[in-house]
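The next block holds one structure in the form of structure tokens; read it before the comments.
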Amino acid sequence: MDKRYTLKIDRIVEETSDIKTFTFKHDLTAKPGQFIMLTDFEGGEKPFSISECSDEKFSITVKRIGEFTTRLFQKCIGDYVSIRGAYGSSFFISKNKVLLVGGGYAIPTFYFFAKVLLGAGADVTLINGARTKSEHVFADRFHELNIKVINTTDDGSFGEKGTAIEIAKKIISQEKFDFIYASGPEMMMKAMQNALQDQDRVQDQEQGLDYEFLFERYMKCAIGICGNCTMDPLGLRLCVEGPVLPKCKVEQLTEFGKYHRDASGKRHEF
Ligand SMILES: Cc1cc2nc3c(=O)[nH]c(=O)nc-3n(C[C@H](O)[C@H](O)[C@H](O)COP(=O)(O)OP(=O)(O)OC[C@H]3O[C@@H](n4cnc5c(N)ncnc54)[C@H](O)[C@@H]3O)c2cc1C
Ligand code: FES
């Protein structure tokens with residue numbers, strides 16, 4: 001088991017009524033796409049992606065969903081939590097023209113990633129989607145990065161009207177990208193894969209558009225022991241070989257977009 005660190009919450013930013021960013025002073029050696037395991041000492045340990053990371057501090061951006069995240073939302077600056085990690089695979093760093101597509105609380109991990117891509121000299125376009133304006137996050141921060149940003153909401157209350165995938169479909173039919181990255185709910189990524197395959201057929205491309213997706217599945221140990229996060233038929237452990245998977249692996253996953261497992265390992269259809 002990797003070393004644990006007990007850390008004081010250094011900063012809390014309320015992004016929306018249900019999303020908060022927690023910052024810690026800690027030299028976390030992490031790459032974009034990786035995650036940490038966090039416990040508040042009161043029960044349970046949960047995975048969270050890294051939304052910002054520098055030599056002296058890192059952040060996670062959390063959506064309040066259930067018991068654990070509700071407890072986390074009650075924490076104040078100066079309260080303690082314990083973390084281990086960073087764990088998992090990270091995004092390929094392209095130096096070319098790239099498109100990032102994400103939605104909701106899954107978008108902040110692209111903030112950390114976009115900064116690294118810019119440092120590598122990539123030409124970055126981001127589609128930042130949410131259901132509605134009050135759930136849209138990080139618009140200002142991405143704007144400050146000086147990348148091309150397309151904000152979208154399903155109901156048109158902020159940015160372009162439509163889902164991130166509908167807008168992505170339009171963009172990839174108009175512009176050529178060297179690499180595409182997606183992060184969000186699994187059915188959103190399934191729709192993204194379908195859109196990319198449709199575009200490959202239209203362009204009659206032999207190789208097709210290259211991509212990586214960040215998957216979120218139920219994780220317990222995060223170090224490849226319990227097997228709770230494996231995906232059929234490859235037996236890929238998403239906490240070790242993922243959560244970022246390349247196109248060649250994603251294409252082989254028979255359970256992608258069909259079913260997922262809960263804490264007991266029982267399958268549930270999407
Ligand atoms: C690699 C990875 C990165 C993630 N990054 C983020 C992030 O940046 N921000 C964020 O808000 N959330 C993130 N999540 C999801 C986060 O772990 C869950 O939202 C959280 O665990 C919910 O706990 P809860 O007790 O509040 O809710 P619960 O009521 O226990 O669960 C609500 C839902 O959260 C998911 N969940 C619960 N426990 C786990 C678990 N141990 N592993 C994975 N999913 C779980 C399940 O879909 C479940 O149905 C990530 C998950 C993974 C696997
Ligand atoms: S969470 Fe235990 S093997 Fe991945």
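The values are calculated or read from the model by the stated rules, or taken from the named source; none is laboratory data. As the structure is a prediction and not an experimental result, all values here were calculated from the model. For neighbour counting, all protein chains shown are included, and Cβ atoms are generated from backbone atoms with ideal geometry for every residue, glycine included.
Filter segment 223-260 down to residues that are touching a Gly at 6+ places or on another chain (Cβ under 7 Å) and at pLDDT 95 or above and give me whichever is farthest from ligand 2 (Cβ to nearest atom).
Filtering first and then ranking leaves 244.
Do you know which residues across segment 28-60 are modelled with pLDDT of 95 or more and out of contact with any strand residue (DSSP E or B) (no Cβ under 7 Å at 6 or more places or on another chain)?
31, 32, 53
Name the one entry in 104, 44 that is in the same structural domain as residue 216 (by TED's automatic domain parsing) and at positive phi.
104
Within segment 222-261, can you find the residues that are within 10 Å of ligand 1 (Cβ to nearest atom) and under 16 Å from residue 89 (Cα atoms)?
Passing the criteria: 222, 229, 238, 239, 242, 243, 244.
Any idea which of 78, 102, 85 is closer than 26 Å to residue 210 by Cβ and in contact (Cβ under 8 Å) with a residue 24 or more places away in the chain?
Values: 78 fails: closer than 26 Å to residue 210 by Cβ; 85 fails: closer than 26 Å to residue 210 by Cβ.
One residue alone meets the criteria, 102.
Quick one: how many residues across segment 34-53 are farther than 15 Å from residue 7 by Cβ and outside any strand (DSSP E or B)?
Residues meeting the conditions: 4.
Among the residues of segment 167-178, are any within 16 Å of ligand 2 (Cβ to nearest atom), crowded, with 23+ Cβ neighbours inside 10 Å and in contact (Cβ under 8 Å) with a residue 40 or more places away in the chain?
So far as segment 167-178 goes, no, none of its residues is within 16 Å of ligand 2 (Cβ to nearest atom), crowded, with 23+ Cβ neighbours inside 10 Å and in contact (Cβ under 8 Å) with a residue 40 or more places away in the chain.
What are the pairs, 6+ residues apart or on separate chains, where a residue within segment 1-25 that is farther than 16 Å from residue 77 by Cα and outside the structural domain of residue 45 (by TED's automatic domain parsing) has its Cβ under 7 Å from a residue that is surrounded by 12 or more Cβ atoms within 10 Å (Cβ to Cβ) and of a type in the set (Phe, Trp, Tyr)?
none
Report, ordered by the first and then the second residue, all pairs with beta carbons closer than 7 Å, sequence separation of six or more or different chains, a first member in segment 224-250 that is in the same structural domain as residue 189 (by TED's automatic domain parsing) and assigned to a loop (DSSP other than H, G, I, E, B), and a second member that is within 12 Å of ligand 1 (Cβ to nearest atom) and of a type in the set (S, T, N, Q).
Listed pairs, sorted by first residue: 241/89; 242/89; 243/89.
Have a look at 210, 200 and point out the one that is surrounded by fewer than 20 Cβ atoms within 10 Å (Cβ to Cβ), touching a helix residue (DSSP H, G or I) at 6+ places or on another chain (Cβ under 7 Å) and among the charged types (D, E, K, R).
210
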